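One structure is given below, encoded as structure tokens.
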């Protein structure tokens, strides 16, 4: 959930996953999946930062619950990313099945 302030001064919390679309000209208007509409006091950049921080915090908590390597520091979400055995750029060869030519028949 993120906290927002509406143009009329009301404070609300909204679930960023329920946002259908956002209009930013001339006011920041949030359209929810449920059909509700909120006219916000802040600008679009503020809303995007709140949504990003909310998603980052959710990822950190999920990673912690799964026993991963995420850590929280001073209420700011810090996520350590671990590299897998096989990279997309081809640095790491991976398994023998991953090394076969793309257009060749599968081995086996």
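Per-structure values
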quantity	calculated
Test result for residue 68, in contact with a helix residue (DSSP H, G or I) (Cβ under 9 Å, 6 or more places away or on another chain), at pLDDT 85 or above and outside any strand (DSSP E or B)	no
Hits in the range 1-44 (condition: exposed (fewer than 12 other Cβ atoms within 10 Å of the Cβ), touching a helix residue (DSSP H, G or I) at 6+ places or on another chain (Cβ under 8 Å) and without any contact (Cβ under 8 Å) to a residue 24 or more places away in the chain)	33, 34
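The values are calculated or read from the model by the stated rules, or taken from the named source; none is laboratory data. Here the structure is a predicted model, which means the values were calculated and not measured. Using ideal geometry, Cβ is built from the backbone for each residue, glycine included, and neighbour counts are taken over all protein chains shown.
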